[in-house]
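What follows is a set of notes on a single structure, which appears directly below.
We did not get these values from a lab; they are worked out from the coordinates using the rules stated. Please read these numbers as outputs of a predicted model, since none were measured by experiment. Ideal geometry is used to build each Cβ from the backbone, glycine not excepted, and the neighbour counts take in all protein chains shown.
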Amino acid sequence: MEKFSNAVTLLRIPFSVFLMPIFWFAFIHVEWNEASLINAIVVFLILHLLVYPASNGYNSYCDKDEESIGGLEKPPVVNEYLIYLVVAFDILAVVCSVFLNLSFAIAILAYLLVSKAYSWPTIRLKKFPIASTAIVTLFQGAFTYYMVVLGIEGSFEWSTNYVLPAIVSTLFLAGSYPITQIYQHSEDGRRGDRTLSIMLGIKGTFFFAATMFVLASVLMAYWLQDLIAIGIYFVVTAPVGMFFSKWMLNSLKNREAVNFSNTMRMNKISSLCMSATFVLIKVYLELFAVQ
């Protein structure tokens, strides 16, 4: 039972909360009715309880981390139960997705395969900083945005209306992705992985993340084109910028501030504030804004 419990822990299901903002951002674009709300719940559960944990678990299975990883300060030892759980979660995710629609299931399968390539020793995207960053941010950003809309609405007809939010989604991930690596330079280096954060260095990682977030915010404001919605965005996400700025200044003075604890705090604040922002914007646009 201890081995099984450790395997479940390594799925890092609570860590999936950090990927919630893209779901809520995509939900802004979905027509609000009873059917869409039911589908949205199903899509949310498939992504956050099956897809993301399966990806986390496979990453742990391949890496066998001994130091802190996202969501776990002291990860347990990897055992054979973990890969069985990963396969089971993969199968469940695809099967459950089929009940929504086949296209969504195919998109989920594609996401799962790409997530495996990130850690699979034969391909090991983590060894290539530019390629891994481009693929991860595209799939966790624009592609996930696409998946959410596809899963909820049952179809997806690409148009210029989706281009800008898809770009914004990818920019948000481009800003947060290297931050999740910033405290892992030593362990990643020992495995031979050259992450974007290692390539940029501590200072470069902070400045890159800040640039991506600012650019995403500007494009977000341009896309919203509603003063109240824009105000909601900047007010509710203000804690993100405040903590990030303080953390960056402290880290540039004292490298010990670049640690697991501060990184997780940054992720939590960012995820909760961004998710709350998009939920509030959706409510405002549906109930008060002139369509």
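Taking a ≥ b ≥ c as the square roots of the eigenvalues of the Cα gyration tensor of region 1-44, is the shape rounded (a/c under 1.5), prolate (a/b larger than b/c) or oblate?
oblate
Evaluate the Kirkwood expression for the hydrodynamic radius of region 2-287, namely the inverse of the mean inverse distance over all pairs of different C-alpha atoms, and round to one decimal in Å.
About 19.4 Å for region 2-287.
Return Y84, Y111, Y61 ranked ascending by Cβ neighbour count within 10 Å, so the fewest neighbours appear first.
Exposure proxy ranking, most exposed first: Y84, Y61, Y111.
Once phi is turned into θ = phi - 60°, what whole-Hz ³J(HN,Hα) does the Karplus curve with 6.51, -1.76 and 1.60 give for every residue of region 75-82, x standing for Gly and Pro?
Listing the rounded values in order: x, x, 5, 5, 9, 5, 5, 4 Hz.
Compute the distance from the alpha-carbon center of region 242-286 to that of region 126-145, in whole Å.
20 Å
Under 5 Å between amide H atoms, partner at least 5 residues away or on a different chain: which partners does W120 have, H built in plane at 1.01 Å?
Amide H neighbours of W120, under 5 Å, 5+ apart: L125.
What percent of all Cα-Cα pairs in region 96-244 falls into each 5 Å bin, going from 0 up to the bin containing the maximum distance?
2, 9, 15, 18, 17, 15, 13, 8, 3, 0
Does region 197-284 classify as rounded, prolate or oblate by the C-alpha gyration tensor (a ≥ b ≥ c root eigenvalues; a/c under 1.5 gives rounded; else a/b over b/c gives prolate, otherwise oblate)?
Prolate shape, in that a/c is at least 1.5 and a/b is the bigger ratio.
Add +1 for every Lys or Arg and -1 for every Asp or Glu among the other residues with Cβ under 15 Å from the Cβ of S176, and state the total.
+2
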